[in-house]
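So the structure is just underneath, and the comments pick up after that.
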Amino acid sequence: MMQLKSISMAVSLAFLLGGCAQSTSTQPVSPEVATSAETQAISESEKANQLFDEIFMENVMRSPMYQSYLGIKTDQDKWDDISPKRELEDLEVTKQQLAKVKAIDVAKLDAQTKLSWQLMEQQLQRGIDDFKWRHYNYPVNQMFGLHSSVASLLINQHRISDVTDAEAYISRLNGLPVLFSQLVENLNTRAAKGIVAPKFVYPYVINDSQNIITGAPFDEGEDSTLWADFSGKVAGLDIDESAKQALLDDAKNALIDSVKPAYENLIAGLKKIEAGADTKDGVWKFPEGEAFFNNALARTTTTDLTANEIHEIGLSEVDRIHDEMREIMKKVKFDGTLQEFFVYMREADQFIYSSDEQGRKRYLDEATAYIDNMKSRLDELFITKPKADLIVKAVEPFREKSAGKAFYQQPSMDGSRPGTYYANLYDMASMPTYQMEALAYHEGVPGHHMQIAIAQELQGIPKFRKFGRYTAYTEGWGLYSELVPKEIGLYEDPYSDFGRLAMELWRACRLVVDTGIHAMKWTREQGIDYYVSNTPNAKADAVKMVERHIVLPSQATAYKIGMNKIIELREKAKTEMGDKFDIREFHDVVLAQGPVPLDVLAQFVDEYIASK
């Protein structure tokens with residue numbers, strides 16, 4: 001692991017020492033007392049950090065699936081237990097963990113550990129407070145859910161390097177009936193409470209589920225997704241052919257006898273719920289829907305902004321970005337209105353690669369080239385850089401129709417699996433080349449890979465901070481990372497710079513539409529019309545985004561709120577520090593202590609300014 005610099009940690013200490021220096025006390029402190037206090041602080045801080053790591057690992061070890069994402073193989077033959085009984089057990093575990101955290105003498109902690117205590121205490125308390133909202137979600141939807149994530153996990157996270165790994169894979173195949181029975185029970189519980197996804201969701205989920213059990217050995221045709229994955233991995237094992245064949249036979253039996261009935265049971269359950277689904281899109285339709293959405297906004301943005309305030313910020317940002325786009329129009333000498341320019345950018349063939357393998361390969365190659373070029377410029381912007389590698393991949397066929405446009409998957413805990421930028425190339429018209437550069441920066445470097453991989457590799461902070469997520473911080477950094485390359489001379493093509501603005505505009509519209517749907521009773525069609533009228537994106541993008549808002553209330557507000565806060569803090573530091581401001585140090589302040597709420601990030605920056 002590389003040695004990482006933590007400016008804010010040093011600043012916090014300097015800030016505290018400065019405060020002590022101003023004390024009015026005239027009594028000298030004896031060396032013995034000072035040493036005793038120092039030892040006591042270290043002892044209490046070490047004890048606290050040990051507890052934080054124990055809590056993190058206790059939660060990890062209660063989730064076999066999360067273990068796989070982190071590269072831990074302990075329970076790789078199991079799935080998570082998602083039963084109501086387990087939910088209550090998890091709540092009790094959280095309460096016990098909180099009691100242990102509150103038993104710590106906070107006054108004896110060093111500055112960094114006090115922050116860890118604050119974040120851990122807040123996290124656990126919110127987990128308890130939000131238990132009342134545990135059914136206020138759609139466990140399967142077109143964005144994600146166990147129907148697709150079990151296959152994705154087996155393919156992408158479940159490595160097979162020996163016979164034991166292969167047997168664990170087969171055990172997981174045989175475990176699907178129980179997992180999916182629990183899932184159907186949970187969906188029915190929500191339905192009884194009036195929490196049912198809108199009707200448009202079900203065809204996506206049913207189709208994705210059917211895709212998993214299509215092909216050999218379920219029916220005639222090409223190998224199914226899971227069969228192709230397992231047989232391909234087993235083929236690479238250094239064992240005799242008879243042992244390989246035994247594993248293949250067991251897997252085939254598991255697919256036919258366990259996986260197929262599990263999915264058929266899930267599909268039948270989904271069809272029953274679909275019959276009672278409506279076309280109301282916002283969470284205002286839920287019991288206490290307004291209170292739930294307000295809570296969701298607070299958790300997502302880590303601010304106290306109201307739905308109306310967020311809506312107005314979005315409208316203002318849309319106007320500003322439209323004005324910047326008109327400047328691009330002048331550069332490329334386009335004669336017409338902004339809306340006409342949108343149509344041109346949406347429909348011109350020069351911005352869309354072909355939908356064949358050659359076009360998809362070209363997209364992936366060029367996205368990789370943008371990332372490689374950015375890697376060569378990182379020293380201009382960063383002190384701390386990630387050790388984990390980054391690769392670019394297309395979203396797998398079995399989930400590309402419903403998956404998002406692009407996303408990032410973190411490296412394994414030990415760094416043996418690289419971070420991955422997934423580009424969804426199902427509909428090439430929705431992936432125009434002028435947005436390719438900004439998308440690569442957001443998902444790759446200096447975006448999510450820099451932030452998430454650096455956090456995982458940090459030294460001196462507990463694991464829950466390395467692997468934690470605050471959506472406004474994480475996605476705010478991703479969106480901010482689209483702007484930073486512009487400031488060092490990239491986006492040389494004005495159309496590519498337009499693409500950067502188009503993506504920022506997209507996030508500004510999200511503030512308007514997310515709050516419009518969930519707080520102002522907009523319909524799905526109103527949301528789609530707003531995107532089509534105000535952005536250059538294809539209508540298919542607008543449909544997919546509005547459907548995402550509907551199933552993930554508040555989530556999409558994080559990007560612009562987070563980016564705006566990072567820029568606001570950077571400008572504050574520049575103004576107050578003058579020529580002492582260093583962008584590399586500022587980025588270390590933001591990244592080198594892991595994910596935090598936006599108010600804590602503001603404290604870091606204030607301390608950094610004071611230190612100079």
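Amide H to amide H under 5 Å from Asp223: which residues, 5+ apart in sequence or cross-chain, H placed 1.01 Å off N in plane?
Result for Asp223 returns Ala216.
Using a basic spin-label model with each label point 7 Å from the Cα along Cα→Cβ, how many nm lie between Glu288 and Ser171?
A separation of 3.9 nm, rounded to one decimal place.
Once you have a ≥ b ≥ c as the square roots of the Cα gyration tensor eigenvalues for the stretch 42-95, tell me rounded if a/c is under 1.5, and otherwise prolate or oblate according to whether a/b is larger than b/c.
Here the stretch 42-95 falls in the oblate category.
Classify the stretch 109-199 as rounded, prolate or oblate, taking a ≥ b ≥ c as the square roots of the eigenvalues of its Cα gyration tensor: rounded when a/c is under 1.5, otherwise prolate if a/b is larger than b/c and oblate if not.
Oblate is the answer for the stretch 109-199, as a/c is 1.5 or above yet b/c matches or exceeds a/b.
In debye, nearest 20: dipole of the chain around its Cα centre with unit charges on the Cβ of K, R (+) and D, E (-)?
940
Considering only the stretch 291-568, what is the antiparallel percent among its DSSP beta bridges, to the nearest 5?
45
Compute the distance from the alpha-carbon center of the stretch 371-419 to that of the stretch 544-612, in whole Å.
First find each Cα centre; the distance between them is then 21 Å.
Given axes a ≥ b ≥ c from the Cα gyration tensor, I'd like to know whether the stretch 419-569 is rounded (a/c under 1.5), prolate (a/b larger than b/c) or oblate.
Cα axes put the stretch 419-569 in the oblate bin.
Could you pull out the pairs from Lys114/Lys463; Lys193/Lys466; Lys132/Lys521; Lys252/Lys463; Lys78/Lys252 whose alpha carbons sit more than 27 Å apart here?
Listed pairs above 27 Å: Lys193/Lys466; Lys252/Lys463.
Run through every distinct alpha carbon pair of the stretch 119-159 and return the Kirkwood hydrodynamic radius in angstroms, one decimal place.
Its Kirkwood hydrodynamic radius stands at 12.6 Å.
How much of the DSSP bridge set in the chain is antiparallel, in percent, rounded to the nearest 5?
Here the antiparallel bridges make up roughly 45 percent for the chain.
Quick one: Cα centre-to-centre distance for the stretch 80-129 and the stretch 487-532, in angstrom?
37
Counting other C-beta atoms within 10 Å, which of Met450, Met65, Met577 has the fewest, and how do the rest follow?
Ascending number of Cβ neighbours within 10 Å: Met577, Met65, Met450.
Could you grab the relative contact order for the chain? Cα pairs under 8 Å, six or more apart, rounded to a whole percent.
18
With an 8 Å cut-off on Cα pairs and a minimum separation of 6 or more residues, tell me the relative contact order of the stretch 291-568 in percent.
26
What are the radius of gyration and Dmax of the chain, computed over its Cα atoms and given in Å?
Every Cα atom of the chain included, Rg and Dmax give 25.5, 88 Å.
For Tyr69, Tyr434, what's the fewest-to-most ordering of other Cβ within 10 Å of each Cβ?
Sorted ascending by nearby Cβ count, the order is Tyr69, Tyr434.
What is the mean projected area of the alpha carbon convex hull for the stretch 291-568, to one decimal in square nanometres?
That works out to 15.0 nm², a quarter of the Cα hull's surface.
What does the helix-only formula give at 222 nm for the chain: each DSSP H stretch with n ≥ 4 adding -39500 (n - 2.57), the total divided by the residues, and the result rounded to the nearest 500 deg cm²/dmol?
Rounded to the nearest 500, the figure is -20500 deg cm²/dmol.
Please arrange Ser45, Ser242 by how many other C-beta atoms lie within 10 Å of their C-beta, fewest to most.
By the 10 Å Cβ count, ascending: Ser242, Ser45.
Every number here is computed from the coordinates shown, using simple stated rules; none is lab data. What you see is a predicted model; the values in this text were computed from it and never measured. Virtual Cβ from ideal backbone geometry, glycine too; neighbours counted across all protein chains shown.
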